[in-house]
1. What is the pair-distance distribution P(r) of the stretch 11-151, computed from all Cα-Cα distances in 5 Å bins starting at 0, with each bin given as a whole percent?
2. Given Lys26/Lys77; Lys42/Lys110; Lys43/Lys77, which pairs have Cα atoms separated by over 23 Å?
3. Once you place label points 7 Å from the Cα toward the Cβ at Lys43 and Gln152, how far apart are they in nm?
4. List the aspartates and glutamates whose Cα sits under 13 Å from the Cα of Lys127, skipping any in the same chain fewer than 8 residues away.
5. By count of other Cβ within 10 Å, fewest leading, how are Met90, Met1 ordered?
Amino acid sequence: MTLNDIPLTTIDGESTSLAQYSDQVKLIVNVASRCGLAPQYKKLEELQKTYGDRGFTVLGFPSNQFLQELGSDEAIKEFCSLTYGVTFPMFERIKVNGKSQHPLYAELTKTPDANGKAGRVKWNFEKFVVTPDGTVHRFRPTTEPDAPEILQLIEASLPAAA
């Protein structure tokens, strides 16, 4: 099974998968509305606006595993929209670690970060850039969405700007 085959559910309750984004550069992030890193939503949305028409998308996966997410998908959706103007796709709340870990994160967390460490998600806003060829790159939570290493990876993986 590839990442594109894993069943997902949108924040609106619709069944989907990453297959619809298979030809895009994806920035997959476990998000949490009450986290001190929540201002990263602003930079994630800026990336979506900057690169969205070139084959890039941010994909937000709310998780309450660190006890910092709102109580319902509806509340999360409203918070993201009203507070940060989020337009990128959001998904239902999932578990990113542990025995109930979502299959998507079971696959993503096999990828080591820049220091060679794979395994558990350390905190909210851990980032995984997945290129169209399926290669996964991992960035820890305190790496800002617009960090040079993320921007260079996105730009190198997209078609040239028109």
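Each reported figure results from applying straightforward, stated rules to the coordinates on display, with no laboratory input. Note that the structure is predicted; figures quoted are calculated from it, not measured. Cβ: placed from backbone, ideal geometry, glycine included. Neighbour counts: every protein chain shown.
1. Bins of 5 Å from zero give 2, 10, 21, 25, 23, 14, 4, 0 percent of pairs.
2. Working: Lys26/Lys77 20 Å; Lys42/Lys110 28 Å; Lys43/Lys77 17 Å.
Lys42/Lys110, as the Cα separations exceed 23 Å there.
3. Placing both labels 7 Å beyond Cα along the Cβ direction yields 1.6 nm.
4. Excluding near neighbours in sequence, the set is Asp113, Glu144, Asp146, Glu149.
5. Values: Met90 21, Met1 7.
Fewest to most other Cβ atoms nearby, the residues stand as Met1, Met90.
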